[in-house]
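Written out below as structure tokens is the structure these notes cover.
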Amino acid sequence: MTVGPKILDVLLVAGARPNFMKVAPLCRALDAIPGVRTRLVHTGQHYDRNMSDTFFADLEIPDPWRNLGVGSGSHAAQTAEVMLRFEPLLDEDRPDVLVVVGDVNSTIACAMVAVKKGIPVAHVEAGLRSFDRTMPEEINRLLTDAISDVLLVTERSGMENLAREGVDPSRVFMTGNVMIDTLIRSREKARASDVTARLGVAPREFGVLTLHRPSNVDDPSKLGPLLDALTDVARECTLVFPVHPRTRQKMKDAGIDLAARGGFVLCEPLRYLDFLALMDRARVLLTDSGGVQEEACVLGVPCLTLRENTERPVTVEVGINRLVGSDPARVRAAALAAVRAPLSTPRPPELWDGRASERIARILLDRYGRGRAAESRS
Ligand code: UD1
């Protein structure tokens, strides 16, 4: 509830799974400031219970003010649908600032609508670049940064990228990583999870596999050999594989039945606390996700990224993450070496300390606050 005179009205957007862990600590940090009104819009880009609802419960995210219920579609259809459904909300109740996070279709869609209505946009996780324009997320990142007023950056590479692109430095802030705020806050709670017992694996005796990037899963001539290589790894070290809906569909279409091969423990996408517990107890993480690479650094679990590039180079620089690409022979060799190697130790990058959301809340208040906050500054 807003206490005292209203000094800042913030609208946040979350649409897809990786957004939920980012908005959770932002809502909390903003709500802790008297006079700040915080509302959350869920675009409904992800809508399955285990891709969305359980995250709200585990992360104690307040109920969204509105859910746009856009669902799936082509990139154009999904982005356009978010824009169409989001626009009337801004007319109904105009915020002082719109906060968007990450790089999903909902991020660019809402940013674009707000900017054209003269509402400033703050982009959390700005400046990351894979330099691979075949990735839909890279397009979303470039476009969102280009139109945002404030750019909130997780790592040095982001600062350098934005400087190279000529962004006015007074709009760019190195804040740390809000996803790590969530990890640090949730780690203790996740220790109570019985996920490993439920899945029948023992701590440090399994690897975790996640795979959903279109470049890895959409083309059966790539997905098949990649999963063949991972089957060789699974024979030596059990691989727990929570299967993303996109990947499940593609495996089905390609007639791939991993369950029949042995070595894999397949499950539905896991809720946040279970997935965190699983990563925390794993020997190695094999992934094409962005967030897992970051979480690995703080957990101290070696990570192999099954992509040719990463927009998060600090994870490689600190020595936790290795880019192994998706060539099957290379993945097989690197993964087998990793499961035989000793465990790592945590190596959190600069400012990944659990306080990023507080820093961001202060920046927003300083820049967009009205009334009391503005007076106290003068
Ligand atoms: C999206 C994001 C990606 C992020 C990923 C995390 C974009 C461009 N991509 O990719 O950056 O890393 O989320 O999960 O925004 N589906 C379901 N249930 C759901 C959600 C999706 O069955 O709750 C199915 C859809 O029908 C679709 C497929 O999964 O066929 C892909 O969903 P989509 O939102 O298009 O993109 P993701 O691949 O999940």
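The values are calculated or read from the model by the stated rules, or taken from the named source; none is laboratory data. None of the values given here were measured: they were computed from a predicted structure. Here the Cβ is made from the backbone with ideal geometry for all residues, glycine too, and neighbour counts use every protein chain on show. The accessibility values were calculated without ligands, DNA or RNA, using every heavy atom of the protein model including side chains. Shrake-Rupley method; radii C 1.70, N 1.55, O 1.52, S 1.80 Å.
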Practice task
Read phi for every residue in segment 308-319 and hand back ³J(HN,Hα) as whole Hz from Karplus 6.51 cos²θ - 1.76 cosθ + 1.60, θ = phi - 60°, with x for Gly and Pro.
Solution key: 7, 8, 9, 8, 10, x, 4, 5, 7, 4, 6, x
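I want to verify the translational diffusion coefficient of the chain in µm²/s; compute it with Stokes-Einstein, Rh as the Kirkwood radius over Cα pairs, at 25 °C and 0.890 mPa s.
On the way: Rh = 21.2 Å.
For these conditions, the coefficient is 116 µm²/s.
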Practice task
Grab the Cα-Cα distance for Asp219 and Asn309, subtract it from 0.36 nm times how many residues apart they are, and report the gain in nm with one decimal.
Solution key: 30.6 nm
Problem - Whole-Hz ³J(HN,Hα) from phi, Karplus 6.51 cos²θ - 1.76 cosθ + 1.60, for segment 287-303, glycine and proline x - result: 7, 10, 7, x, x, 4, 4, 6, 4, 4, 5, 7, 7, x, 9, x, 10
Handout entry: Nonlocal amide H pairs with Leu286, under 5 Å, H built at 1.01 Å
Key = Val208, Leu209, Thr210, Leu304
Handout entry: Per residue accessible area in Å² of segment 132-205, where ligands, DNA and RNA are left out and the probe is 1.4 Å
Key = 47 Å²
Problem - Degrees, to the nearest 10: 136-147 long Cα axis against longest axis of the chain - result: 20 degrees
Fill in the blank from the handout: The correct ranking of Trp65, Trp352 by accessible area at 1.4 Å, largest first, is Trp65, Trp352
Problem - Contour minus Cα-Cα distance for Ile139 and Ile363 (0.36 nm per residue) - result: 78.0 nm
Problem - Amide hydrogen neighbours beyond the local backbone of Ile7, cut-off 5 Å, H modeled - result: Val36, Arg37
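Just the accessible area per residue of segment 31-95, please: how many Å² with a 1.4 Å probe?
48 Å²
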Practice task
Counting only C-alpha contacts under 8 Å and six or more residues apart, can you give the relative contact order of segment 238-327 as a whole percent?
Solution key: 21 percent
Practice task
Express the relative contact order of the chain as a whole percentage, based on alpha carbon pairs under 8 Å and six or more residues apart in sequence.
Solution key: 17 percent
Completion exercise
The relative contact order of segment 1-143, taking Cα pairs under 8 Å that sit 6 or more residues apart, comes to a percentage of 24 percent
Handout entry: Helical mean residue ellipticity (222 nm; -39500 (n - 2.57) per DSSP H run of 4+; nearest 500) of the chain
Key = -13500 deg cm²/dmol
Problem - Probe 1.4 Å, protein heavy atoms only - accessible area per residue of segment 241-346 in square angstrom - result: 36 Å²
Exercise for the section: With a 1.4 Å probe and every protein chain kept in, tell me what percent of the accessible surface of segment 24-163 is carbon plus sulfur. Expected result: 53 percent
Fill in the blank from the handout: Against the 2.2 N^0.38 Å rule of thumb, the C-alpha Rg of segment 1-70 sits at a ratio of 1.12
Handout entry: Residues with amide H under 5 Å from that of Leu323, placed H, sequence gap 5 or more
Key = Thr305
Problem - Cβ-Cβ FRET estimate between Arg191 and Ala254, R0 fixed at 41 Å, reported to 0.05 - result: 0.60
